[in-house]
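Report on the following structure.
The values are calculated or read from the model by the stated rules, or taken from the named source; none is laboratory data. In this text the structure is predicted, and so the values were computed from the model without any measurement. Note: ideal-geometry Cβ built from the backbone for every residue, glycine included; neighbour counts use all protein chains shown. Surface accessibility is based on the protein's heavy atoms, side chains included, excluding ligands, DNA and RNA. Shrake-Rupley method; radii C 1.70, N 1.55, O 1.52, S 1.80 Å.
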Amino acid sequence: GRSLEPLFVYDVVNHGVALQLTEAEARMLEDVRGIASIEPDYVHEPLTDAGPTWIKADALWNAPGGGYRGEGRIVAVIDTGINAAHNSFLPSSGGYTFTNPRGSFLGLCATNATAGCNSKLIGMYDMTTGEGDDEPNDGKDLSGHGTHVASTAAGNPLTAGPYSLSGVAPR
């Protein structure tokens, strides 16, 4: 009894739409001819401060000879974008100052001085540019997921209340 406006239309690999429905509305649509399936989607927000310890990265960090924390490596994350202003991507952390191993910026960092890039965050691309994608096409993270994933992989060590957090390869 109401008009439905798709949140997203899937038309490349499979054909479908994303809709915001009540459970009762979804059940009503299950019997509509031409609808093959209805799948619920949930927002999951798992949080942890123990990731590096779980995969034993801290053992490498504290190894004889000074350890290794990703110095000089470039980590690429393909996700929903990145929040360049997040503390996980500041150009220095805990007395460590990052040096850009490429010597220059990449992608939107090279062409947009306001992207927020620095010697820690050296590149940003937007893979969803185009008409009708409902986002600003600037590589910035609107949902927070890409920022979370990038900070898990390579974020600076941070203290948040009683927790100490760090990416697996913070340097």
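On the chain, 55 percent of the accessible area sits on carbon and sulfur atoms, based on a 1.4 Å probe. If R0 is 22 Å, the Cβ-Cβ spacing of Leu7 and Glu30 corresponds to a FRET efficiency of close to 0.70.
Computed over every Cα-Cα pair of the stretch 80-129 and binned at 5 Å starting from 0, the pair-distance distribution P(r) comes out as 4, 22, 28, 26, 12, 5, 1, 0 percent.
Positive contributions from Lys and Arg (+1) and negative ones from Asp and Glu (-1), summed over other residues with Cβ under 11 Å from the Cβ of Gly81, come out at -4. The alpha-carbon positions of the stretch 92-171 define a convex hull whose volume is 114 Å³ per residue. Out of every Cα-Cα pair that the chain contains, those further apart than 21 angstrom amount to 59 percent. Above 22 angstrom, tally the Cα pairs of the stretch 8-88 and express them as a % of all pairs, no decimals. More than 22 Å apart: 58 percent of the Cα pairs in the stretch 8-88. 3J(HN,Hα) along the stretch 2-14, derived from phi through the Karplus expression 6.51 cos²θ - 1.76 cosθ + 1.60 where θ = phi - 60°, amounts to 9, 6, 10, 10, x, 6, 7, 10, 9, 9, 9, 8, 9 Hz, with x in place of Gly and Pro.
Qualifying trypsin sites (Lys or Arg not before Pro) in the stretch 1-91, where qualification requires a DSSP coil assignment and no more than 10 other C-beta atoms within 10 Å, comprise Arg2, Arg33, Lys56.
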